[in-house]
Structures are given as structure tokens and as C-alpha cells.
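Engineer: My structure is below; once you've seen it, I'll send some questions.
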Amino acid sequence: MKLASLKSGRDGQLLVVSNDLDRAVAAYGIAQTMQAALDDWSNLAPRLEEVAEKLAAGNAPGSFDLDPGDLSSPLPRAYQWADGSAYVNHVELVRKARGAEMPVSFWSDPLMYQGGSDSFIGPYDPILAGSEDWGIDFEAEVAVVVDDVPMGVGVADAGSHIKLLMLVNDVSLRGLIPGELGKGFGFFHGKPSTAFSPVAVTPDELGTAWDGGRLHLAVFCDLNGEPFGRANAGVDMTFDFPTLIAHAAKTRPLCAGTIIGSGTISNKQVGEHGSALADGGVGYSCIAEVRMLETIQSGGPETPFMAFGDHIHIEMPDENGDTIFGAIDQVVERYEGP
């Protein structure tokens, strides 16, 4: 089953979407919003599935042609957005570029930060920034959405709480992050509004690519129309999603609708020049990783961060080349103020 939210008010109108993402129907009489569906998932999911079956059969009353530009993120806002750093290879490169040793604990204890969840932006909405000097970067990730998770849940049980999966563009402002981290109190300005894929999908839609903890498919990142990354989300993921969920719930329960992100997808580098697609590698899921490698190899970064007018396209095709989640397709624009 694939679900989306039509832009409408603060929390959108819940839609059931066809597998090819061409058609949709509002979930009238079942749940007004995605959050409402998640709040009562065990009762409402079967009813939404019935609508999805009717849509697939071509007999869903009120169905219409879907324009992805009319969609918000599946959850336009959420009670919680916690982003992990499951690909420790990425963290290791960051530390190495800074000339810092990486603590051994990073391989056994996940990193996670709590992001802003009150103002997600739609998959086709622009990335707004006040200055190019902020170091505008994209970060392609996978995220899961859970139902109510009890405090102290074990890894063995955490996976059963995964109800939906999405793609993520966790926008980062690299020029602001070092100063914030230097204060010793974490991110805030450096992590602006996040975007998610047009649709969220139930795990059964992913077939054998989903093993209950990792999604074994490549995320395609094209920057300004040129292939930039094809890293596989299931490769080199040190911490799977059940582990990340259990980590997040160590000292508190997680309410239905909580989003847990994987962190930037990063596969281990190949060859002395890294994993650029032009060098036969799988590329990168953010610009910062290229700049880290350039720093390690030549003493300083060469690839610029995003400028106004730059365009990022993030998508995940299935084994047949068909899109699963739809595309995150965004242009960077200057923010002119309220």
C-alpha cells in the first residue's frame, strides 16, 4: 500500500495512491490525515488496504490523476523526527577529514539527533536559504515511520513497529554546523526543514528488497541533471532500523508517527580516488562526502556546495526500474524573508 498527503491545511488530506503513482483517492470516512491513520493503525490499515485494492482494480469512486507537485511530505509535520547515522563509513570519513580519531564506540552505539519536525517541506518544494555561504547540501536517506513503541523495546521486537518507509532529503547547512557543534549543544540552525518522498509505502510493497531491517536498493541522486550517487541503502549499514528504533526508545516511548532516519547513505569507498561514478564507484549521497575525500587526498575541498538555482533529484527504482516512492525533486532558492 502507498499513501500520501495532499496539501491541505496544516496536516494534509490522506490519500491512497496507486502502485504506479498515477492515481489517488482520498481516504474519506477512514482517516483525514496520515497521523490519524497511524494513531489507530491496527484498525484503519486494513480499511485503507481495501481502498488500495479497489484503486488497483480501477473501481475506486472519486479517484483522480495525481500530480506529485500537489503533495506535501507524507507527514507534513510529525511529533518526532529522530535521525540516526547508521552508515558509520560516512562518520569515519568526517572524522578523518578533520584529522580526528573516531571513537571505537561509534561502531556499537548509534549516533542520533532530534531534528525539527514542525515544518517539513514537500518533495517538490524549494530548498530556501538566506545565503550560499551557509553551505547548502542535500543528504539522501531512508526513513521508517512507527506506531506506538514502548520505552525499552528490544531490537528483536522493534521491527514489528515499522509501518511505513520513505525517502528523505535531510537538508544540511554545512557552513553553520561547525560553529553550532563547537558550542557543545548540537544542531539547530544547521538543520533546516526536511523533505520526504511523495509517498510512504508499507513494507510489503518492497518485496525481497526489504529484509525487516534494511532496504537493499540503490538511491539515485542526480545533481543538476547529472548522476551523482547510486549508493545501495542496504550495504554498509552498520545499524539496521530495529537497532535505531530500540536506541531511540531507550529512555522514553515513541509515539505513533515518529520518524526514524538512517542518516546519509554511504557505501565504503573503492580505489584511491574514492567512489565517484566516473571512477567506477557508486557515487555519493551528499556533497560533503566528496569534499571530505578531496580534503583527505589533496588537503582541501574542491567541489562546491549547492548554489541558488541548483537542482537535486532523489529517487529509488525497484528491480524493474519503476519508481517506488516517487521523486524528491527540489531547487535551491534564496529566502527573501517573511
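Engineer: Somewhere in the stretch 273-283, is a residue free of Cβ contacts under 8 Å to residues at least 40 places away in the same chain, part of a loop (DSSP other than H, G, I, E, B), farther than 17 Å from residue 201 by Cβ and aliphatic (A, V, I, L, M)?
Structural biologist: yes
Engineer: Please work out which residue is farthest from residue 20 (Cα to Cα), limiting yourself to the stretch 320-334 and to residues that are assigned to a loop (DSSP other than H, G, I, E, B) and in contact with a Ser or Thr (Cβ under 9 Å, 6 or more places away or on another chain).
Structural biologist: Of everything passing the filter in the stretch 320-334, 327 is farthest from residue 20 (Cα to Cα).
Engineer: With (1) closer than 30 Å to residue 69 by Cβ; (2) open to solvent by less than 50 Å² (accessible area, probe 1.4 Å) as the list, and residue 254 as the residue in question, which single condition is left unmet?
Structural biologist: Residue 254 satisfies all of (1) closer than 30 Å to residue 69 by Cβ; (2) open to solvent by less than 50 Å² (accessible area, probe 1.4 Å) except (1).
Engineer: Are any residues in the stretch 174-201 touching a strand residue (DSSP E or B) at 6+ places or on another chain (Cβ under 6 Å) and either open to solvent by less than 20 Å² (accessible area, probe 1.4 Å) or aliphatic (A, V, I, L, M) (or both), and if so, which ones?
Structural biologist: Scanning the stretch 174-201 gives 190, 195, 196, 197, 198, 199, 200, 201.
Engineer: Tally the residues that are open to solvent by 30 Å² or more (accessible area, probe 1.4 Å), out of contact with any Leu (no Cβ under 9 Å at 6 or more places or on another chain) and outside any loop (DSSP other than H, G, I, E, B), restricting the search to the stretch 202-222.
Structural biologist: Residues meeting the conditions: 5.
Engineer: Residue by residue through the stretch 290-311, note down the ones that are buried (at least 20 other Cβ atoms within 10 Å of the Cβ) and either in a loop (DSSP other than H, G, I, E, B) or touching a Leu at 6+ places or on another chain (Cβ under 6 Å) (or both).
Structural biologist: Scanning the stretch 290-311 gives 292, 305.
Engineer: When you scan the stretch 255-266, do you find a residue that is polar (S, T, N, Q), over 23 Å from residue 216 (Cα atoms) and not in a strand (DSSP E or B), even just one?
Structural biologist: Looking for residues that are polar (S, T, N, Q), over 23 Å from residue 216 (Cα atoms) and not in a strand (DSSP E or B), one finds none in the stretch 255-266, hence no.
Engineer: If only one of 35, 80 is within 24 Å of residue 115 (Cα to Cα), in contact (Cβ under 8 Å) with a residue 24 or more places away in the chain and in contact with an Asp or Glu (Cβ under 7 Å, 6 or more places away or on another chain), which one is it?
Structural biologist: Just a single option satisfies the conditions, and that option is 35.
Engineer: Can you tell me how many residues within the stretch 1-32 are under 15 Å from residue 196 (Cα atoms) and open to solvent by 20 Å² or more (accessible area, probe 1.4 Å)?
Structural biologist: Of the residues in the stretch 1-32, 3 are under 15 Å from residue 196 (Cα atoms) and open to solvent by 20 Å² or more (accessible area, probe 1.4 Å).
Engineer: Additional query: So is residue 281 open to solvent by less than 30 Å² (accessible area, probe 1.4 Å), farther than 15 Å from residue 136 by Cβ and in contact with a helix residue (DSSP H, G or I) (Cβ under 9 Å, 6 or more places away or on another chain) or not?
Structural biologist: No, not satisfied.
Engineer: Would a scan of the stretch 151-158 turn up a residue that is of a type outside the set (S, T, N, Q), within 21 Å of residue 265 (Cα to Cα), at pLDDT 95 or above and open to solvent by less than 20 Å² (accessible area, probe 1.4 Å)?
Structural biologist: No, every residue in the stretch 151-158 fails to be of a type outside the set (S, T, N, Q), within 21 Å of residue 265 (Cα to Cα), at pLDDT 95 or above and open to solvent by less than 20 Å² (accessible area, probe 1.4 Å).
Engineer: Among the residues of the stretch 69-82, are any part of a helix (DSSP H, G or I), within 18 Å of residue 123 (Cβ to Cβ) and either in contact with a helix residue (DSSP H, G or I) (Cβ under 9 Å, 6 or more places away or on another chain) or open to solvent by less than 80 Å² (accessible area, probe 1.4 Å) (or both)? Even if it seems obvious, please write down each step before you answer.
Structural biologist: Start the filter on the stretch 69-82 by keeping residues that are part of a helix (DSSP H, G or I), which leaves 69-70.
Narrowing further to those that are within 18 Å of residue 123 (Cβ to Cβ): 69-70.
Restricting the remaining residues to those that are either in contact with a helix residue (DSSP H, G or I) (Cβ under 9 Å, 6 or more places away or on another chain) or open to solvent by less than 80 Å² (accessible area, probe 1.4 Å) (or both) gives 69-70.
Scanning the stretch 69-82, I find at least one residue that is part of a helix (DSSP H, G or I), within 18 Å of residue 123 (Cβ to Cβ) and either in contact with a helix residue (DSSP H, G or I) (Cβ under 9 Å, 6 or more places away or on another chain) or open to solvent by less than 80 Å² (accessible area, probe 1.4 Å) (or both), so the answer is yes.
Engineer: Additional query: Give me a count of the residues in the stretch 113-138 that are under 30 Å from residue 155 (Cβ atoms) and surrounded by fewer than 18 Cβ atoms within 10 Å (Cβ to Cβ).
Structural biologist: Number of matching residues: 4.
Engineer: With respect to residue 86, determine if the residue is in a loop (DSSP other than H, G, I, E, B), among the small types (Gly, Ala, Ser), farther than 18 Å from residue 13 by Cβ and open to solvent by less than 70 Å² (accessible area, probe 1.4 Å).
Structural biologist: Working: in a loop (DSSP other than H, G, I, E, B): yes; among the small types (Gly, Ala, Ser): yes; farther than 18 Å from residue 13 by Cβ: yes; open to solvent by less than 70 Å² (accessible area, probe 1.4 Å): yes.
It is true that residue 86 is in a loop (DSSP other than H, G, I, E, B), among the small types (Gly, Ala, Ser), farther than 18 Å from residue 13 by Cβ and open to solvent by less than 70 Å² (accessible area, probe 1.4 Å).
The values are calculated or read from the model by the stated rules, or taken from the named source; none is laboratory data. No experiment lies behind these values; they were computed from the predicted model shown. Heads up, the Cβs are rebuilt from the backbone with ideal geometry, glycines too, and the neighbour counts pull from every protein chain shown. We work out accessible area using only protein heavy atoms, side chains counted, and drop any ligands, DNA or RNA first. Shrake-Rupley method; radii C 1.70, N 1.55, O 1.52, S 1.80 Å.
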